[in-house]
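**Student:** Just dropping this structure here.
Derivation of every value follows stated rules applied to the coordinates shown; laboratory data play no part. Since the structure is predicted, the reported quantities are computational estimates derived from the model, not experimental observations. With ideal geometry, Cβ positions are generated from the backbone for all residues, glycine too; neighbour counts draw on all protein chains shown.
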Amino acid sequence: MLTWSLGFLILMVKLGAVLLFLLLAAAYLVWLERKFLARLQVRYGPNRAGKYGLLQPIADMIKMLTKEDTIPEGADRVIFLLAPAVVTVTALLMFAVIPFGGDLSFLGKRIPMVIADLNIGLLFVFALSSLGVYGIALGGWASNSKYSLLGGIRGAAQMISYELSLGLSLVPVVMLAGSFSLVDIVRAQEAYPFILVQPLAFVIFVISAMAESKRIPFDLPEAENELGAGYHTEYSGIRFGLFFLGEYVNMQVLGALVAVLFLGGWSGPFLSGPAWFCIKILVVALVMIWIRGTLPRLRYDQLMALGWKVLIPLALVNIVVTGAVILI
Amino acid sequence: MQPIACEGVLSPWEPGVFSLALFTVLVLAFVASQLFIASWLGEKKTTPEKARPYESGIIPTGTARLRYPVPFYLVAIFFLVFDVEGAYIFSWAVACEELGWAGWLQMTFFIGLLLVGLVYIWKNGGLDWGPTSKKE
Amino acid sequence: MGTNQQEGMNERFLDSVDVLVNWARKYSLWPMFFGLSCCFVEEATALTSRYDLARFGAEVLRASPRQADLLIVSGTVFKKIAPVVLRLYEQMAEPKWVISMGSCSNCGGMYDVYSVVQGVDQILPVDVYIPGCPPRPEAVMQGLVMLQEKIAAEERPARSIFHLPGGTQGTQRPLRVDGLTKSRDPRGPGMGGIPIRGSSVVPPKFPDSRTDLMWTSPARRVELNDGDRALADVLKDRFGDAVEPAPQSSDMLTVQVREERLKDVLRFLKTEAAPRYQRLDDLTAVDESARRERDRYPDFSLVYHLLSFEAASKLRIKVPLHGEAPTTRSVTDLWPSANWYEREVFDLFGIRFEGHPNLRRILLPHDWEGHPLRKSYAGRATEMTPYTLEDARKCQPFDGGVYVKQDGGEHRLILNMGPHHVSTHGLLRYVVALEGEEITGLEMDLGYHHRGVEKIGERQSWHQFIPYCARVDYLAGAANDLPYVLAVEALADIRVPERAQVIRVMLSELFRLSNHLVWFATYAHDVGAMTPNFYAFREREMILDIVELITGGRLHPSWFRLGGVAADLPDGWKEAVDQFVNIFPSRLQEYERLIRENPIFKARTMGIGRISLENAMDWGVTGPNLRACGLDWDLRKKMPYSGYENFQFEVPIAEGGDCYARYLVRVEEMRQSLKIIEQAAANMPSGRTMTDDYRYVLPKRTDMLQDIESLIHHFVNVTRGPKIPRGEAYMSCEIPRGEQGYYVVSDGLGAAYRMRIRGPGFANVQVMPQLAVGESIADLIAIIGSVDYILPDIDR
């Protein structure tokens, strides 16, 4: 019983730390994005709230928390109020199956650096990322506003389409690792990271992941120039903040997935596992921000065509070829 | 690939369902607190104009409750088809080495069929989402 | 005792929450993506590299009012847009703050005219006023900092947040009521006893105008060329008494046509005549009822300006109309572009057009009373009943269903894009019918930016009107002073010294570059690329630095004068221009490649928004948009003015008439403009910058201080304005967006009798449904970006 209590305590600390880290990292990812974009654009970016603008995320958060919560007339209240939560919850839960370091040991007990090493880990991730669509589609639909509706429709179509290429691109990874468990996938990369043997899968995955996270050049659901604010047009205050939070947690999760599936997860020389893991996430996130600062936006039909006519067939062919290579 | 042993389900040392459940509770608690703050904190001043949906500053025409146009249903249907097929591919993927060449051949045939299906809807214009003027 | 302690604790807690929340809010003021006119350009500039509003945490422009904290009312608040501004403000979530930016928004500014609300504080509370016309970007930052200070010092938000009594947050100032809590006098309070300058000679009354005491020679008279004379003869032969060529003209062949034969004459000119006059350049009217020799004029004159591409010549047709509200026949079947022009004439003059498909108001709100360009109509807002909050609630724009019919089936969605929208480039309302993402119907509602500048032209003296010119196209600055001064100079036969001409050309081309850079930035932004914006604005600041060095102004230098320019070039201008000419090509190359070669950009623009050359000519499309259809037509080459014939440059054209072609043409135009600037700087002639014939112009200051003749002319021309001889002249120039023309009519007074502006945007935008119907909603945004219009030149 004593070990159970101790274990429970340690577990709670670990879970709390992970959650806090995810939230803080999301907040500072916003800061990083604003600063990095600013530098790309020959500007400084926020630098008044705290040194280097380091308190900017805190200011934004407090501002949003104390802002009025508006609900448009004719909105489907329950769905409208809950939709932002769906996005954040799914994004945060996805992280549960991602291993962020090798095991630690404490009093002879093993403390795994993963919340839940499910044997269907990857499928769990897919399932949750499909659920995330509901937040966008329902939030857009429930608002009773046309910009929101259009954004919601775009979001739904885009996210479910890229769900397919996202999933199919990972089949070769599963074949190489022989498991859906993300811990096993990382272990399988001890010799070499999968990016070296599966560059095509890597490219398809990264493109699909960016489409899933709705960022330029795939930010159609909230394309500011076309739909104002898209699916979250009617959201104010922290409900809008939750959409925002979801997006940035999503970015971390996708970075983490890239790291785990293709870049060898937490492994790397000299530094500790979690440190390597964070560095890899950061690199992926920076590349995504860089792309945002560089590219224009696709049109809806071009986006769908890219997914269905290019990525999905390529992913399917990649599966067949990988299978043959493994068997040889 | 260890099966989750029943006796270990409540063990806090194992990264299993228990741990996941606790994390879920934490996440839900956090998000619930945000939702609570959203509806509790902050001054509420509802006016008829504020309650009106935003549409570029104009009073909206008609409702935003419209049926989705047909192409969007098609996306949903295609997704369903391909996602179900994807599930089969996944179940083969974990066991591809055990199943050997026979499995590979069957799967290649299966994927080939899928591709044929994709080409079919492609040729029939099911994958054209652009405006009609560009569909020719 | 216990309760007191408890209360003290509560107070302390609330006070510290106040401090925390105020700190957070002050650094997280997200402005709404909202602009009204010129000021917004400077507001947007404040976000770019040199100024970087992001430092204060305020770069997060939100398109949705729900997420915005700060409404910067940047620009003129028109009566037609006021209900929209009010709604957007009310749709913002608490707490919200308002900054009024620029003189127009503060108090109406220089637009004391029927269509403008004399200060946004009549309908919204305002915290900070930023003065200036337009205020510089630094002033925007100052305004933001002042608001931050106000939030930190004055607000007590904790109580409002916790639903306790006694808190304050957001902008709380009382509304001002015109005439009660604010002065109705445009000059401010305390001037009540003195009549507004010039008001004694505002039509329809001219009590003993002292201008009559001045003698000026008659209007310029041009010799018609052989082609024009031949055409006049042909018309005379064919239509007999119905046409009557005017005996003299200051600019082009002018023919008076009787109303009954008008359509036949126009049809003949468009299709059969040699040369054919294929384009309806402009259609407008003049209310002749306040002419001083009343019996020589009809009640109204309709004026058609036609243009022949074949002979590069223009032709004026005047049609006399009689009666209080005359009716004539529509020419929309001849020129589809006449549609909007005729609606405008109906709106502003009350002349009806039989056979017009859709004759209703176009610029003014649908519930407006009267026709403002009639001489009997009061021009000033301060002469009308004050605009109040109730007016802003009551006078709503038409429902979108009025514009596009909802008959397309159950999936059709009618969406209002604009007047408040990130990518409509101003206050233009697109009513779109959508089937999924596809546009099945498109109609535009304009007039949200109607500043009544043509009416103002009838009361400002000839010199006083110059500042209004730049504001007609606020991104082209001095370039749109040019057609105005040229028109008046043509009428009064003022000769401009060569140096002044080259300075004018150099400034015009600098502004063409500056305008095209903004176009490049916004176009890239419209298709989703956010970064080119910042690079283009960096170079634009270099140009504005040169403009500031030469003129002292940025957007609106008001630098051209009748007879020359305001002053000579300052020391150091050449170095500044040379430096720019050296740096710019490589910079442009650097970021332009990023766009031109980008596969996504190509996919988004190639083949999108096509228009055929024939259609473009029919609809009166001008400028780069016309050249993108493959026609080599540039007024600077075809009908040179201000010495453009002395410069070596090419007119870039492209084939296809799609968004990508328009992109190529404009980018190449930048390179050509640079060539012109380089030549102008290298070969700047010496000599005067102001004509030495001082009858009509503002004499040079040194002369004015030396001899009495110049002093008298200076005094008279500044106070009453020069007397420009009776007559009319139309002059059009190739400004960055296309052909802008000024039609000035003088009745021999110190102000114009009629001031007509032909803006390129009016025609270029009218064609929009041709470009966008059948494309998707994202394409519409790309098309808007590629057409490059600006609202004050559409709505004027």
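**Student:** Starting from the coordinates of the alpha-carbon atoms of the stretch C:453-795, obtain the Kirkwood hydrodynamic radius over all distinct pairs and give the value in Å to one decimal.
**Tutor:** Answer for the stretch C:453-795: a Kirkwood hydrodynamic radius of 20.6 Å.
**Student:** While we're looking at this one, here's another question. Let me see the P(r) profile for the stretch C:535-613: every Cα-Cα distance counted, bins of 10 Å, each bin given as a percent of all pairs.
**Tutor:** Per 10 Å bin, starting at 0, the Cα pair percentages come out as 15, 30, 24, 21, 10.
**Student:** Helix C:226-239 versus the longest principal axis of chain C: what angle, 0 to 90°, nearest 10, using Cα atoms?
**Tutor:** 80 degrees
**Student:** Right, here's the next one. Which is farthest toward the positive dipole end of the stretch B:15-135 among B:Ile111, B:Leu22, B:Leu41, measuring Cα position about the Cα centre, with Cβ charges +1 (Lys, Arg) and -1 (Asp, Glu)?
**Tutor:** B:Leu41
**Student:** With charges set only on the Cβ (+1 for Lys and Arg, -1 for Asp and Glu), what does the dipole of chain C come to about its Cα centre, in debye to the nearest 20?
**Tutor:** Computed about the Cα centre, the dipole is about 1100 debye.
**Student:** Dipole of chain B, Cα-centred, from +1 at each Lys and Arg C-beta and -1 at each Asp and Glu C-beta, to the nearest 20 debye?
**Tutor:** 920 debye
**Student:** Sticking to Cα atoms, compute the Rg of the stretch C:80-134 to one decimal and its Dmax as the biggest Cα-Cα distance, whole number, in Å.
**Tutor:** For the stretch C:80-134, the Cα radius of gyration and maximum Cα-Cα distance read 11.4, 34 Å.
**Student:** Rounded to a whole number, what is D in µm²/s for chain C from Stokes-Einstein with the Kirkwood radius over alpha-carbon pairs (4 °C, 1.567 mPa s)?
**Tutor:** Result for D is 47 µm²/s.
**Student:** Mind checking the stretch A:235-270 for chymotrypsin sites (Phe, Trp or Tyr not before Pro) that DSSP puts in a loop (not H, G, I, E or B) and that have at most 10 other Cβ atoms within 10 Å?
**Tutor:** Answer by residue number: A:Phe270.
**Student:** Can you give the local net charge around C:Ser74? Use residues other than it whose beta-carbon is closer than 9 angstrom to its beta-carbon, Lys and Arg +1, Asp and Glu -1.
**Tutor:** -2
**Student:** For B:Lys123, which aspartates and glutamates qualify as cross-link partners when the Cα separation must be under 17 Å and same-chain residues fewer than eight apart are set aside?
**Tutor:** Within the straight-line cut-off, B:Lys123 pairs with A:Asp301, B:Glu136.
**Student:** Using the Cα atoms of the stretch C:322-476, I'd like the radius of gyration and the largest Cα-Cα distance, Dmax, both in angstrom.
**Tutor:** Looking at the stretch C:322-476, its Cα Rg and Dmax stand at 18.0, 57 Å.
**Student:** Size of the stretch A:125-172 along its principal axes in angstrom, Cα-based, largest extent first?
**Tutor:** Cα spread of the stretch A:125-172 along its principal axes, largest to smallest: 42, 15, 6 Å.
**Student:** Could you give each residue of the stretch A:113-127 its phi-based ³J(HN,Hα) in whole Hz, using Karplus coefficients 6.51, -1.76, 1.60 with θ = phi - 60°, and x for Gly or Pro?
**Tutor:** 8, 7, 6, 9, 8, 6, 6, 10, x, 5, 5, 4, 4, 4, 4
**Student:** Can I ask one more? If only Cα atoms are counted, what is the Rg of the protein assembly as shown, and what is its Dmax, in Å?
**Tutor:** Rg, Dmax (Cα atoms, Å): 33.8, 116.
**Student:** May I have the pair-distance distribution P(r) for chain A, computed from all Cα-Cα distances with 10 Å bins from 0 and rounded to whole percent?
**Tutor:** Per 10 Å bin, starting at zero, the Cα-Cα P(r) for chain A comes out as 6, 24, 33, 25, 10, 2, 0 percent.
**Student:** Taking every pair of alpha-carbon atoms in the stretch C:292-408, give the share separated by more than 24 Å as a whole percent.
**Tutor:** Within the stretch C:292-408, distances greater than 24 Å cover 43 percent of Cα pairs.
**Student:** Using a Förster distance of 35 angstrom, determine the FRET efficiency expected from the C-beta separation of C:Cys395 and C:Ala682, and round it to 0.05.
**Tutor:** E(calc), rounded to 0.05, equals 0.05.
**Student:** So, one more: For a Förster distance of 60 Å, can you work out the FRET efficiency between the beta-carbons of B:Asp83 and C:Ala325, rounded to the nearest 0.05?
**Tutor:** It comes out at approximately 0.35.
**Student:** Label A:Asp76 and A:Val203 with points 7 Å out from Cα along Cα→Cβ: what is the distance between them in nm?
**Tutor:** 4.0 nm
**Student:** In this model, which of C:Lys236/C:Lys263; C:Lys236/C:Lys723; A:Lys67/B:Lys50; A:Lys35/A:Lys214; A:Lys67/C:Lys79 are farther than 23 Å apart at the alpha-carbon?
**Tutor:** C:Lys236/C:Lys723; A:Lys67/C:Lys79
**Student:** Moving to a separate point now. Just how large is the dipole of the protein assembly as shown about the Cα centre, in debye to the nearest 20, putting +1 at every Lys and Arg Cβ and -1 at every Asp and Glu Cβ?
**Tutor:** Dipole magnitude for the protein assembly as shown comes out near 1460 debye.
**Student:** How many partner chain Cβ atoms sit within 10 Å of a residue's Cβ in peptide C:45-52, on average, as a whole number?
**Tutor:** For this peptide, the per-residue mean of nearby foreign Cβ atoms is 3.
**Student:** Can you give me the three principal axis dimensions of the stretch C:632-782 from its C-alpha atoms, in Å, biggest first?
**Tutor:** Here the Cα extents, ordered largest to smallest, are 66, 40, 25 Å.
**Student:** For a distance above 15 Å, tell me the whole-number percent of Cα pairs in the stretch A:21-66 that qualify.
**Tutor:** Distances greater than 15 Å cover 44 percent of the Cα pairs.
**Student:** Can you give me the relative contact order of chain C as a percent, contacts being Cα pairs under 8 Å and 6 or more apart?
**Tutor:** 13 percent
**Student:** From zero outward in steps of 10 Å, how is the percent of C-alpha pairs of chain B spread across the bins?
**Tutor:** Bins of 10 Å from zero give 8, 16, 17, 23, 22, 12, 2 percent of pairs.
**Student:** Report, as an integer, the average count of C-beta atoms from other chains found within 10 Å of each Cβ along C:141-147.
**Tutor:** Per residue, the average neighbour count from other chains is 0.
**Student:** Another question about this same structure. Residues with amide H under 5 Å of C:Arg62's amide H, sequence separation 5 or more or different chain, H placed in the peptide plane at 1.01 Å from N; which?
**Tutor:** HN-HN under 5 Å from C:Arg62: C:Met32, C:Phe33.
**Student:** Here is a further query. I need the semi-axes of the equivalent ellipsoid of the stretch C:226-363: take the C-alpha gyration tensor, multiply each eigenvalue by 5, square-root it, list largest first in whole angstrom.
**Tutor:** Computed over the stretch C:226-363, the values are 24, 19, 13 Å.
**Student:** When the helices in chain C are scored as -39500 (n - 2.57) per DSSP H run of 4 or longer and the sum is shared across all residues, what 222 nm value do you end up with, to the nearest 500 deg cm²/dmol?
**Tutor:** Mean residue ellipticity at 222 nm (helix-derived): -11000 deg cm²/dmol.
**Student:** Next question. What residue among A:Ser105, A:Ser181, A:Ser272 has the largest mean-square fluctuation in a Gaussian network model of chain A, using Cα springs under 10 Å?
**Tutor:** Comparing A:Ser105, A:Ser181, A:Ser272 in the GNM, the peak value goes to A:Ser105.
**Student:** Under a 5 Å amide H to amide H cut-off, with H placed in plane at 1.01 Å, what residues pair with C:Gln118 once short-range neighbours are removed?
**Tutor:** C:Tyr387
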